[in-house]
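Every read-out reported here was derived from the displayed coordinates using simple, explicitly stated rules and does not represent laboratory data. These numbers come from a predicted model, not from an experiment. Positions of Cβ are backbone-derived with ideal geometry, glycine not excepted, and every protein chain shown enters the neighbour counts.
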Amino acid sequence: MNRPEPISIQDVDYGGLEQATGFLLRLAQLRVFAHFYTVLDHHDLRLGAMSALILIGRNPGIRHGILADALSIKLAHTTKMLKGLEAKGLIVRHQPAYDRRSIELRLTDAGEALMRDVQRQIALHEELSVAGLTERERQQLKRLLRKFTGVPAYPPRRETHAPIAEADRGEGID
């Protein structure tokens, strides 16, 4: 069937794909990533490596397997990525005295500096990548994506158990 005019993007019939969650998520991912890589391309790191830097920086001592699970990356791919980060001098592997079979991950000073810069760039990217949405819509989208993926809205609260100094033990307090 010949059409008198070429099909424009507004005239595309998606054949039901406009109702498919996976299709819509993929299009959203492509849109966000296109902008992401223009903002952060100068770091010469992929998104997974940038995410790993942030998670390692926020969770010093995180183990390789936990990092892979948190990022939903296969263990073998995480290993390759970590070797690259280590070769760039951004992370170090540490074997804790309490468990000689495990390896903990920590950022180097260069990794810390890069992580802070990446976090600033991601904050800027975040504002621009969802610019077509209202603030309420942005929050709703994030809430639904967190619910869908199981990512908590806020980091868990960690109890800190610092040693109590002699002066803080309560002697002399009535």
### Query
Taking the chain as a Gaussian network, Cα atoms linked when under 10 Å apart, which of 86, 18, 135 shows the biggest mean-square fluctuation?
18
### Query
Helix-derived [θ] at 222 nm for the chain: sum -39500 (n - 2.57) over DSSP H runs of at least 4, divide by residue count, nearest 500?
-16500 deg cm²/dmol
#### Entry: Distance between segment 128-158 and segment 49-92 - C-alpha centres, whole angstrom
23 Å
### GNM result for the chain, Cα springs below 10 Å: residue of 114, 124, 27 fluctuating most strongly
27
### Within straight-line cross-link reach of residue 74, lysines at Cα separation under 19 Å, skipping those fewer than 8 residues along the same chain
83
### Point-to-point label distance, residue 25-residue 66, nm (Cα→Cβ direction, 7 Å offset)
2.6 nm
### Query
Given [x] 147; [y] 166; [z] 220 as candidate values of volume of the Cα convex hull per residue in Å³, which corresponds to the one derived from the coordinates?
[z]
### Message
I need the phi-derived Karplus couplings for segment 54-71: 6.51 cos²θ - 1.76 cosθ + 1.60, θ = phi - 60°, integer Hz, Gly and Pro marked x.
### Response
5, 5, 5, x, 7, 9, x, x, 4, 8, 3, x, 5, 4, 4, 5, 5, 9
### Label-point gap, in nm, between residue 117 and residue 143 - each point 7 angstrom along Cα→Cβ
3.7 nm
#### Entry: Cβ-placed point charges (K, R +1; D, E -1), dipole of the chain about Cα centre in debye, nearest 20
600 debye
